[in-house]
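*Asks:* Encoded as structure tokens, here's the structure I'll be asking about.
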Amino acid sequence: MARTFEVTILGTGSAKPTKQRLPSAQIVRMGPKQFLVDCGEGTQLQMMRKGIKFNNIQAIFISHLHGDHILGLPGYISTLSLHNRTKKLHIYGPPGVEDLVQLVLKIGRTHLSFEIEYHIVPKAPFSQIVDEFGYSVYAVALKHRIECYGYIFEEAGPERSILKEACESNNVPLHFYEKLRMGEDFEYSPGQIIKNKDLTIPASPHRKYSYMSDTIYDPSIVPYIRQSDLLYHESTFLHALEARAKETFHSTAKQAGIIAREADANELLLGHFSSRYSDVSAFEEEAKTEFPNTSIAQEGQTYTIK
Ligand SMILES: [Zn+2]
Ligand SMILES: [Zn+2]
């Protein structure tokens, strides 16, 4: 069975909250790991509604320091301390993210029960920021009014998958499995080998989830998000307001569809809708003209990356 790899959408609004939508936040789960991606106002409320335990987040990834992506962060961190968290919390984001959190803690004279380690994303078009056993996270520089990063969550892992029965019947010792995964043949006595291909099969392709918010229409990100199994791309406006999108460094639904098509993504989720739209069904129709496998991200819904 495939490892858990899913995203729960907590907020799909942009600058102003509406009765229907909250600002950006989502939870990404990869195996036993759980991450918070952006933390707009209302994140704690949405987590409670979805039964997501506050303390089970290992790391937070902040795209940029506009309020609709970070104003929930000081509150969430304070709550973790009230829950007596002791595990270190990792926060990834652009420069200033530490100042923001520390200022709120300082003026409230709040002492946290746990340590925060800040990881400032390198100012580069593309960089790997996490390289852990089983997964990697990459940052992509987006073109927005202030420094902003999209994040790519990608499974990593062995080059080959073990054929357990073949290994057992050939008495391959367990300690050799890692070498098999890396493609080595098994030498059971000097000069006597069993070919790797008789003991393993190619590993399944690594799944990839890309979160791209906020950005002006920017085809230069396409090579980095190529073949995402799921792509979340901001679509703040409909294309009738293309000029407004450009002026505010945001994208339209049509442009999100073009990016998904150019990147050969499997599925596109639209989000970050301007508060001027109460009904966002037209976003889906518009993006579908460029990329048919498009849906509107629904708050509270969990999407499996497959
Ligand atoms: Zn935003
Ligand atoms: Zn923004």
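The values are calculated or read from the model by the stated rules, or taken from the named source; none is laboratory data. Since the structure is predicted, the reported quantities are computational estimates derived from the model, not experimental observations. As a convention, Cβ positions derive from the backbone with ideal geometry for all residues, glycine included, and neighbour counts pool all protein chains shown.
*Asks:* Quick one: count up the residues across the range 181-231 that are in contact (Cβ under 8 Å) with a residue 60 or more places away in the chain and either surrounded by 13 or more Cβ atoms within 10 Å (Cβ to Cβ) or within 16 Å of ligand 2 (Cβ to nearest atom) (or both).
*Replies:* Residues in the range 181-231 being in contact (Cβ under 8 Å) with a residue 60 or more places away in the chain and either surrounded by 13 or more Cβ atoms within 10 Å (Cβ to Cβ) or within 16 Å of ligand 2 (Cβ to nearest atom) (or both): 17 in total.
*Asks:* Continuing with this model, one more query. With Ala265, Ala240, Ala245 as the choices, which residue is more than 18 Å from Arg145 (Cβ to Cβ) and either touching a Ser or Thr at 6+ places or on another chain (Cβ under 6 Å) or buried (at least 24 other Cβ atoms within 10 Å of the Cβ) (or both)?
*Replies:* Exactly one of Ala265, Ala240, Ala245 is more than 18 Å from Arg145 (Cβ to Cβ) and either touching a Ser or Thr at 6+ places or on another chain (Cβ under 6 Å) or buried (at least 24 other Cβ atoms within 10 Å of the Cβ) (or both), namely Ala265.
*Asks:* Report whether or not Leu100 is within 16 Å of ligand 1 (Cβ to nearest atom), closer than 30 Å to Phe249 by Cα and surrounded by 19 or more Cβ atoms within 10 Å (Cβ to Cβ).
*Replies:* Here the answer is no, as Leu100 does not meet what is asked.
*Asks:* Could I ask something else about it? Mind checking which residues of the range 198-216 are within 12 Å of ligand 1 (Cβ to nearest atom) and in contact with a helix residue (DSSP H, G or I) (Cβ under 7 Å, 6 or more places away or on another chain)?
*Replies:* Answer for the range 198-216, where residues must be within 12 Å of ligand 1 (Cβ to nearest atom) and in contact with a helix residue (DSSP H, G or I) (Cβ under 7 Å, 6 or more places away or on another chain): just Met212.
*Asks:* Which of the residues spanning the range 147-183 are at pLDDT 90 or above, closer than 16 Å to Pro202 by Cβ and in a loop (DSSP other than H, G, I, E, B)?
*Replies:* Matches in the range 147-183: Leu163 only.
*Asks:* Then there is this: Check every one of the helices (runs of 4 or more DSSP H) wholly within the range 33-146 and list those with 1 or more residues that are in the same structural domain as Thr215 (by TED's automatic domain parsing) and among the small types (Gly, Ala, Ser).
*Replies:* 67-70, 73-82
*Asks:* Find the residue count for the range 55-83, including only residues that are more than 16 Å from ligand 1 (Cβ to nearest atom) and farther than 19 Å from Gln34 by Cβ.
*Replies:* Qualifying residue count for the region: 3.
*Asks:* Would you mind stating whether Ile52 is of a type in the set (A, V, I, L, M), touching a residue at least 24 places away in the same chain (Cβ under 8 Å) and either under 27 Å from His144 (Cβ atoms) or within 16 Å of ligand 1 (Cβ to nearest atom) (or both)?
*Replies:* No; evaluated as a whole, the condition is false for this residue.
*Asks:* Next question, about the same structure. Can you find even one residue in the range 65-84 that is surrounded by fewer than 18 Cβ atoms within 10 Å (Cβ to Cβ) and among the aromatic types (Phe, Trp, Tyr)?
*Replies:* Taking every residue of the range 65-84 in turn, none turns out to be surrounded by fewer than 18 Cβ atoms within 10 Å (Cβ to Cβ) and among the aromatic types (Phe, Trp, Tyr).
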